[in-house]
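Asks: Provided herewith is a single structure, encoded as structure tokens, for subsequent inquiry.
The values are calculated or read from the model by the stated rules, or taken from the named source; none is laboratory data. These numbers come from a predicted model, not from an experiment. Methodologically, a virtual Cβ is constructed for each residue, glycine included, from the backbone with ideal geometry; neighbour enumeration extends over all protein chains shown. In case anyone asks, the SASA skips ligands and DNA or RNA and just uses the protein heavy atoms, side chains included. Shrake-Rupley method; radii C 1.70, N 1.55, O 1.52, S 1.80 Å.
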Amino acid sequence: KIAFIGRLEKIKGFDSFCCSIEIFNKMSICNLIEFYIIGYGSLEKDAISLQNKYENVHYLGKMNNKDIYTFISAIDCSVNLTICTETMGGAGLSNSLLESIFSNNLIIAWNTVNFNQILNDESAFLVPQNDIDSLVDVYKFILNNRDDCKKKRKKAESIVQEFDFEHHMLNFSNFVIGNK
């Protein structure tokens, strides 16, 4: 189960995700991958179209924040494709990425500064930005290399420690004490 969770907008890379599904499904490799789309936005019609066209695509629409964590915990992999350019922005740390890591998901992300802040090749599949063919190649790799995927997911788990509540409180107290 591979999911895109977020605003269905070009800046979030949703158009690239849609193209990757089209290419993957046209290859007729297998029906073992299910694609899930959660969110809303100007490209919602693309999500509906994919769901109507393919049995392995599920558009769930907008989901309450309280239900997101349960859903994310039930999938295998999440894609994080926010575009990073000088004109469009996208250099901040992604909340969606942190949610995915905390949910023990395998991570696929663009190989850009916004995701390289905390990810590397050991903890995620980093794909050149807008390289749809490489994104599809990752889907194929996942099908045939479960052990490698488990290693990446395990490595991503170690990142969680830096962002847990206790670590944030320690950083905050150190900041307050240091600024007195």
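Asks: Among the numbered criteria (1) in contact (Cβ under 8 Å) with a residue 12 or more places away in the chain; (2) out of contact with any Ser or Thr (no Cβ under 6 Å at 6 or more places or on another chain); (3) part of a loop (DSSP other than H, G, I, E, B), which one does PHE71 miss?
Replies: All conditions pass for PHE71, except number (3).
Yes or no, residue by residue, for (1) under 19 Å from LEU106 (Cβ atoms); (2) outside any helix (DSSP H, G or I); (3) open to solvent by less than 80 Å² (accessible area, probe 1.4 Å):
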| position | (1), (2), (3) |
| --- | --- |
| ILE11 | no, no, yes |
| SER16 | yes, no, yes |
| ASN25 | no, no, yes |
| TYR40 | no, yes, no |
| GLN51 | no, no, yes |
| ASP67 | no, no, yes |
| ILE75 | yes, yes, yes |
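Asks: Which ones in the stretch 23-49 are out of contact with any strand residue (DSSP E or B) (no Cβ under 9 Å at 6 or more places or on another chain), under 25 Å from LEU143 (Cα atoms) and among the hydrophobic types (A, V, I, L, M, F, W, C)?
Replies: ILE23, MET27, ILE29, CYS30, LEU32
Asks: In addition: Can you pull out the residues in the stretch 93-141 that are over 21 Å from SER158 (Cα atoms), open to solvent by 10 Å² or more (accessible area, probe 1.4 Å) and touching a residue at least 40 places away in the same chain (Cβ under 8 Å)?
Replies: Within the stretch 93-141, GLN129, ASN130, ILE132, ASP133, LYS140 meet the criteria.
Asks: Kindly establish whether ASN56 is surrounded by 15 or more Cβ atoms within 10 Å (Cβ to Cβ), of a type outside the set (Phe, Trp, Tyr) and in contact with an Asp or Glu (Cβ under 8 Å, 6 or more places away or on another chain).
Replies: Yes, satisfied.
Asks: Additional query: Exactly one condition in (1) open to solvent by 30 Å² or more (accessible area, probe 1.4 Å); (2) more than 11 Å from the chain's Cα centre (by Cα); (3) within 17 Å of VAL127 (Cβ to Cβ) is false for ILE83; which is it?
Replies: ILE83 satisfies all of (1) open to solvent by 30 Å² or more (accessible area, probe 1.4 Å); (2) more than 11 Å from the chain's Cα centre (by Cα); (3) within 17 Å of VAL127 (Cβ to Cβ) except (1).
Asks: Go through (1) among the hydroxyl-bearing types (Ser, Thr, Tyr); (2) closer than 23 Å to LEU143 by Cα; (3) more than 14 Å from the chain's Cα centre (by Cα); (4) at pLDDT below 90 one by one and return the number of the condition TYR54 breaks.
Replies: All conditions pass for TYR54, except number (4).
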